[in-house]
Structure formats: structure tokens, C-alpha cells
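Below: one structure, written as C-alpha cells.
The values are calculated or read from the model by the stated rules, or taken from the named source; none is laboratory data. What you are looking at is a predicted structure, and each value in this text was computed from that prediction instead of being measured. So basically every Cβ, Gly included, is an ideal-geometry build from the backbone, and we count neighbours across all protein chains shown.
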Amino acid sequence: MSTLKQSEPSVQPLVPRQRGGPPRTTRDQASREGGPPRNTRDQASRAFYLALLLATVASIAVPAILLQPDSRIFVLKLAVVVLLGSLPGLLYIQFVRFKGPSLYDEYVLNLFRLEIDQYCNLPAPPRHTDYYLKWKQAHRQLKNPGTDNLYRRKFEVVYGEQAVSTRGMFAHSSVRPARTEGFYPVLLATALVSIGWVLVVQPELFRSTYDLLGGSPITGQPEVAFEALVYGFLGAYWFILQDLVRRYFRQDLKTAAYLSASTRIVVVILVVSALSLLQAEPATPLPVVAFLIGIFPQLGVQLLKAGVSKGLGRMIPALTPDHPLTDLEGMTLWDQARLLEEGVEDTHALATANLVDLMLGTRLPLHRLIDWLDQALLFLHVPETRGQRYPREELRGLGIRTATDLLDVAEDAAPGTAMHRRLALALSRSDTPDADAVETTLICLAGHPNLVHVHAYTSRARLDWPTNPRRPCVETRTQRSD
């Protein structure tokens, strides 16, 4: 990666130290300058949440006691629309409020672990880590360090300036950090989800209006399968809710997730509407198919392609990639959807992706992301099938599942040994071992830019494992032989 000329400035305290005592924080200064004491704010906050809980219980109990049965059902349906429609948006508000600077610290540490750039060009790591002194020594050698940093800007674009834990090094305490994410995608997704739940529960006012209009199309156009749309929305809502909850616990809840949720709802409605116009009656009831389409929208497009004439079906391009992400071990439905938002649709896109943007955008565990990238690098150079043979399965029989595994085994296997002959047989295009195939594959792998970062991470993890002082029971291979 090219050397950057931007870095963090020298470390400066956020608030100057006062004589005769420890440095005052901004919050302490605010309380001493006329703001409410911290204990008072905590008590007010607890009282507010207690009142909110009591109001929630009262809003459900009072209508159930005072209203007539018909009115109770209407209020219950209205509460379902309000609660389930606002649940995704409330998750985002909760996440934004309690998101801390630990995200930034983890991001910066991963930059150092992957050796993305020279230490002087990376943002300042946390002071309690071993990288801080190394970064500080390298930072002093810069002639013009400046006050900006490219990697920090990448983080701010995704999470905002308020999430940068080292902001006191380069920004004044009086400058309020800005948020880069807008709230409009959350509002759009909430509106679409609320409309969907209105169609599902159908409050009495909605049904009265629908019956007033005749309850059927007036223009004579084909009638849309209303029940199928309801179940299609339920399938989409099931996937969206599962995805948002997983992102919340993984600290990956951003407004892009709500854009994806809105897109899924619209796509499901369009696909189910088009599928209901097919003349052929499916073997499975359409509402069940619509629910599955809400979870797997690509299934609906495949059914539409299968339902058209053969001549038109041949003109439609293939919908599945040649190198799908499902080939990677450990890849789940949720991970595929998350990588798709970052423009990663197959293993080739994963192997050639920008590792910094992928690590920052997906918030996947770094070890899992590196493992998938390591597998993808091997899959690019070793096909799944070659005639009647399966090279990947043959390599897996040798304990090789990633590109770094292949490099390590090939380095230890001297030419002429049994291991080298088995490698040559697995990578050759015929039934006879080909030593040149091994050398060619290794040369192609060594020239891949992302392999440098993968090898740096895996080699560091392997070096740290036997010498970990917290695991005295782990013995190295040399110790076991002794």
C-alpha cells in the first residue's frame, strides 16, 4: 500500500491540568459551571425510565379494562402496528446512544495487526497497547505530521466523529463532533414496515375504508394476491428483524442496514406481485412461497425465470455467480447478506476487496474475515472440479484448506518427497503429478496483494500462541518430542 503523508498529531491533553489536583474533565467542568450535578442527572434519568415503563403498562391495561371487546381488538391491532413497526428504528436509536469509542480502538489495533501501512501513517493506537510506543517513535520522524489522517477519516465516514476515542489529540474540546449518518433511511424503513403491519393486522378503520372502495379493483386490472403480499412481508420482516438484532449485538448497526431493509421489502412486493400473475398454479401454496421469497428474494426471481417460456428463459442471464460465497466454510445467510451490502457477491470479489473498507464496513470478527479471505485466495487458483477430479477435496485430504496452508505445506515439502508428489497430483490437470503446476500456483498466490496482509495476521497469531503466558499448559511440538 502506498505511503500516506497524513498522520495523527502529537498527543495533547484534552483539558489543561489545574494546580493542586488532578485534571478536570469536560463533564466535571460543566457541572461546576452551573450544570446539574451528576447524581441529580442519574436520578432524573432513572425516574424517567421508571415512568416510561409504568406508562407502557398503563397504556395496555387501561384500554383492556375500560373499552368494549370490539374496541379492545382495535386498540390491540393499533398497538401491534406501533410497536412492531417502530422496533427496527428503536434498535438503531439505542445503538447510536450507547455506541462507545471501543469500536475505534479495535479498528486501529486491527490496522496495526494487519500491517496495512507504516506505523507513522496510521492513526494513534490506544496508550495501553504495545503499539503506542512504536507509533510514537515512528511519528516523531515525520517532518509535517499535520492534523488529518486518511484511516481515521474512513472510520468517521461510517460511524461519525463522535466515535473517535483519540479525538482529544487533534480537535479542541469546544468543537462539537458531527454525525455523518442521516436518519432518513431509518424513517423510510420504519414507514414501510408500519405499512406492512397495517396490511397484516388490518385495523377496523383500514378495513372500513377498503370495503368502502369496493374491496376489489375498479379498473378491471388483474387483482393482486393480497394474502401472498402479507406473507411475503412477514418473511421479509422475519429476516430484517433477525439481521438487525444480530448487527446490534455485533456493534454493526448503521443506517445502511435500514436502506437494505427498505430495498428488501420493495423487492419482495414486486417479485410476489409478478409471481402471482403467472398462469401456472404452483404445487406449493403461493402464500408459503411468498414467505420464503421474503427471506430469499433470489428464489422469487428464479421462479419467475422458470415460469416464463423456454425461449425467453434462455435470454435471461444466469442469476447465480460462478464462485458463490457459499463455497466458503462458515458462511451463513446473514453473512452473505452483510457482504452483499459491501459489494462482495462472490469469492472473487472477496479476494480482491479492500481489506480496510471490508473490515470497517462489515464489523465481522477479524479472524473469521481473514479466514474467508484466505480460503477465497485458494479458490481463485484451485478450481473445484477438473474433469473427473476434485482438486480442493484432494488438498483438504492433505489438511490444506486455505492459501497460507498451501504455502506452508509447499515450503516444507521438498521436491521428490511423497508430500510434494501428492501436491503435484492435486494441482495438475491430468492423472499424473506435475511439479510445474505447484510452482505456478505458488507464484500466482505470492503475487496477490491481499496475501501480504493475510500472511502477516496468520503468522503473528501462530507466533503468539505458543508463547502466550496465560496458557502455560500449551506445549510446542519441540517440547512434546522432548
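Given the residues Val288, Val272, Val268, Val308, which is the only one that is farther than 30 Å from Glu156 by Cα, surrounded by fewer than 15 Cβ atoms within 10 Å (Cβ to Cβ) and at pLDDT 85 or above?
Details: Val272 fails: surrounded by fewer than 15 Cβ atoms within 10 Å (Cβ to Cβ); Val268 fails: surrounded by fewer than 15 Cβ atoms within 10 Å (Cβ to Cβ); Val308 fails: at pLDDT 85 or above.
Matching residue, one of Val288, Val272, Val268, Val308: Val288.
Looking only at helices (runs of 4 or more DSSP H) that lie completely in the range 380-455, which have at least 1 residues being within 27 Å of Asp117 (Cβ to Cβ)?
Details: elements: 391-397, 403-412, 418-427, 435-446.
Helices (runs of 4 or more DSSP H) meeting the threshold: 403-412, 435-446.
Mind checking which residues of the range 113-131 are modelled with pLDDT under 85 and either assigned by TED's automatic domain parsing to the domain that holds Ala456 or part of a helix (DSSP H, G or I) (or both)?
Answer for the range 113-131, where residues must be modelled with pLDDT under 85 and either assigned by TED's automatic domain parsing to the domain that holds Ala456 or part of a helix (DSSP H, G or I) (or both): just Arg113.
Filter the range 348-389 down to the residues that are among the basic types (Lys, Arg) and within 19 Å of the chain's Cα centre (by Cα), then identify the one that is nearest to Phe155 (Cα to Cα). If you could, list the steps in order and put the result at the bottom.
Initial filter on the range 348-389 (among the basic types (Lys, Arg)): 363, 368, 386, 389.
Cutting the leftovers down to within 19 Å of the chain's Cα centre (by Cα) gives us 363, 368.
On the way: Arg363: 12, Arg368: 21 Å.
Once the filter is applied, the top-ranked residue is Arg363.
Gln162 fails exactly one of the following numbered conditions: (1) part of a helix (DSSP H, G or I); (2) modelled with pLDDT of 75 or more. What is the number of that condition?
All conditions are met except number (2).
One residue is enough: does the range 202-210 have a residue meeting the conditions under 26 Å from Ala79 (Cβ atoms), modelled with pLDDT of 65 or more and part of a helix (DSSP H, G or I)? Quick ask: steps written out before the conclusion?
The first filter runs over the range 202-210 and keeps only residues under 26 Å from Ala79 (Cβ atoms), leaving 202-210.
With modelled with pLDDT of 65 or more added as a condition, the list becomes 202-205.
Pick out the ones that are also part of a helix (DSSP H, G or I) and you get 204-205.
Checking the range 202-210: at least one residue is under 26 Å from Ala79 (Cβ atoms), modelled with pLDDT of 65 or more and part of a helix (DSSP H, G or I).
With respect to Pro145, is the statement that it is crowded, with 16+ Cβ neighbours inside 10 Å and either in a loop (DSSP other than H, G, I, E, B) or at pLDDT below 75 (or both) true? So that I can check it myself, show each step before the final result.
On the way: crowded, with 16+ Cβ neighbours inside 10 Å: yes; either in a loop (DSSP other than H, G, I, E, B) or at pLDDT below 75 (or both): yes.
So Pro145 fits the description; yes.
In the range 133-158, what count of residues is obtained for those that are within 28 Å of the chain's Cα centre (by Cα) and not polar (S, T, N, Q)? Give the derivation first.
So the first thing to find is which residues in the range 133-158 are within 28 Å of the chain's Cα centre (by Cα), and the list is 148-158.
Filter once more, so that each one left must be not polar (S, T, N, Q): 148, 150-158.
Of the residues in that region, 10 qualify.
If you go through the range 380-387 one residue at a time, do you hit one that is hydroxyl-bearing (Ser, Thr, Tyr) and either buried (at least 20 other Cβ atoms within 10 Å of the Cβ) or modelled with pLDDT of 85 or more (or both)? Step through it out loud before you land on a result.
Of the range 380-387, the ones hydroxyl-bearing (Ser, Thr, Tyr) are 385.
Imposing the further condition that a residue be either buried (at least 20 other Cβ atoms within 10 Å of the Cβ) or modelled with pLDDT of 85 or more (or both) reduces the set to none.
Checking the range 380-387: not a single residue is hydroxyl-bearing (Ser, Thr, Tyr) and either buried (at least 20 other Cβ atoms within 10 Å of the Cβ) or modelled with pLDDT of 85 or more (or both).
Quick one: Lys134 ticks every box in (1) part of a helix (DSSP H, G or I); (2) surrounded by fewer than 16 Cβ atoms within 10 Å (Cβ to Cβ); (3) at pLDDT below 85 bar one, so which box is it?
Unmet condition: (3).
Within the set of pairs 6 or more residues apart or between chains, which connect a residue that is farther than 24 Å from Gln202 by Cβ inside the range 52-70 to a residue that is surrounded by 10 or more Cβ atoms within 10 Å (Cβ to Cβ) and of a type in the set (Asp, Glu) with Cβ atoms less than 7 Å apart?
From residues that are farther than 24 Å from Gln202 by Cβ, there are no pairs.
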